[in-house]
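Report on the following structure.
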Amino acid sequence: MTLSLNSKFPPVQSTRLRRLRATPALRSMVCENVLLPSDFIWPVFVMDGTNAEEPITSMPGVMRRTVDRIGAAAKDAYALGIPAICVFPHTNMQNRTKDCALAWSPENVANRAIRAIKDAVPDMVVMTDIALDPYNINGHDGFVENGEIVNDRTVEALVKMALTQVECGADILGPSDMMDGRIGAIRSALESHAHPNVIILSYTAKYASAFYGPFRDAVGASTALTGDKKTYQMDPANSEEAMRLVARDLNEGADMIMVKPGMPYLDIVRRVKTEFSVPTFAYQVSGEYAMIVAAAQNGWLDHDSVMMESLLAFKRAGADGILTYFAPAAAKLLNS
Ligand code: PBG
């Protein structure tokens, strides 16, 4: 039996969901997720030279800085409440060799930047990138032998890279190379070299993505890369495989898990969080940043609103934190 609109007893609207959206105060009471400056890890680009900064064309608003300028930038970020910074080196063709030897030199630009940040802001958490691509003549994350990106020899080099970064003061290691077995190899080297407290944030579900384009400009890799990274980075079609990778990396000693890129892969973030309940991070990569900023520059999107909405989406999907080039701008807005 249905009630007619003219009935003496009108239909009971027990679930008017708009009731709780009626005012800002009510909305704030039932808000499920919030963004904080402490959710951000800020990726920065460092380069050789002195007292210089240069803009990155495909990432408007993002700068490459010389090492002598990175301490001050880190200090500003820390003052905004950003707890962690992630260092990426810009390298030119002269820095790149077949044996990638610069990767484990304490004097490479990334390792000098780690020391500069630790000197300027000892309390800031410094994260690194572990992969051979900035130092490799062909732009790959691993050694190339007869056209193949070889796994085990690469892992040995990544271990050397990791130990040097730790000796320079790194707090969190970020293996982004997607070789098999690298987490276990790095973890056991850390244990045997008396670094039991160093954290590994594994780039676990890292997809072979076209969204990394602007980053490769930023680090000087666009012209270096021959071929693609599909034999080691994941197929964007796969989700089950990501769960196997998470299980493996946790088993090998990873403390935290990353999903990358971010916004197109929020389903993976949610699955990792739901199925493993471990600290889960997402990387809002260069192409995601570039899309938002380019649309805003054209007047097609509102920069600040879209920035904040995109970042909040990561929290809703289950991320504990976000690597984002927006970190300083978003932290400023959150603090204002
Ligand atoms: C390199 C590395 C890449 C990114 C982070 N580390 C690029 C790649 O895998 O080719 C991409 C970050 C971004 O696009 O913002 N190992």
Amide proton proximity set for residue 61, modelled H, under 5 Å, gap of 5+: 56
Expressed in nanometres to one decimal, the distance between label points 7 Å along Cα→Cβ at residue 309 and residue 244 is 3.8 nm
If we count every other residue with Cβ under 15 angstrom of residue 296's Cβ, Lys/Arg +1 and Asp/Glu -1, where does the sum land? -4
What order do 57, 128 take when sorted by accessible area (1.4 Å probe), most exposed first? 57, 128
Under a point spin-label approximation (7 Å from Cα along Cα-to-Cβ), what is the residue 51-residue 14 distance to one decimal in nm? 7.4 nm
Order these peptides, 20-31, 230-241, 109-120, 42-53, by their mean beta-carbon neighbour count within 10 angstrom, highest first. 109-120, 42-53, 230-241, 20-31
Segment 239-336: radius of gyration over Cα atoms, expressed as a fraction of 2.2 N^0.38 Å: 1.17
With every protein chain kept in place and ligands, DNA and RNA left out, what is the accessible area per residue of the chain? Probe 1.4 Å, answer in Å². 46 Å²
If each residue of separation counts as 0.36 nm, what is the full-extension length gain between residue 277 and residue 68 once their alpha-carbon separation is subtracted? 71.3 nm
What nm value, rounded to one decimal, do you get for the distance between residue 231 and residue 251 when each label is placed 7 Å out toward the C-beta? 2.5 nm
Whichever lysines have a C-alpha closer than 29 Å to that of residue 98, once near sequence neighbours (fewer than 8 apart) are set aside: 160, 206, 229, 230, 260
Of the DSSP beta bridges with both residues in the chain, give the percent that are antiparallel, rounding to the nearest 5. 15 percent
Straight-line reach check, residue 75, cutoff 13 Å on alpha carbons, 8 or more apart in-chain or any other chain, hits among aspartates and glutamates -> 119, 123
Summing +1 per Lys or Arg and -1 per Asp or Glu among the other residues with Cβ less than 11 Å from residue 62's Cβ gives -1
Using a 1.4 Å probe on the protein heavy atoms, what percent of the accessible area of segment 180-237 belongs to carbon and sulfur? 55 percent
On the full set of protein chains, 1.4 Å probe, figure out the accessible area of residue 308 and give it in Å² to the nearest 10. 40 Å²
The Kirkwood hydrodynamic radius of segment 107-197, taken as the inverse of the mean 1/r over all distinct Cα pairs, in Å, comes to 13.7 Å
Counted charge near residue 247, where neighbours are those whose Cβ lies closer than 13 Å (Asp, Glu -1; Lys, Arg +1): -2
When DSSP beta bridges are limited to those with both residues in segment 1-156, what percentage is antiparallel, rounded to the nearest 5? 30 percent
FRET efficiency (residue 298, residue 137; Cβ distance; R0 30 Å; to 0.05) is 0.20
In terms of modelled amide H atoms, which long-range or inter-chain residues lie less than 5 Å from the amide H of residue 200? 173, 255, 256
Quote the charge dipole size of segment 36-335 about the Cα centre in Debye, to the nearest 20; the model charges only the Cβ of Lys and Arg (+1) and of Asp and Glu (-1). 220 debye
Cα point-scatterer Debye curve for segment 36-335, base-10 log of I(q)/I(0) at q = 0.08, 0.09, 0.11 Å⁻¹: -0.30, -0.39, -0.60
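The values are calculated or read from the model by the stated rules, or taken from the named source; none is laboratory data. Here the structure is a predicted model, which is why all the values come from computation and not from measurement. A quick note on method: Cβ atoms are made from the backbone with ideal geometry, for glycine too, and the neighbour counts reach across all protein chains shown. Note: accessible area is taken over every heavy atom of the protein model, side chains too, but ligands, DNA and RNA are not part of it. Shrake-Rupley method; radii C 1.70, N 1.55, O 1.52, S 1.80 Å.
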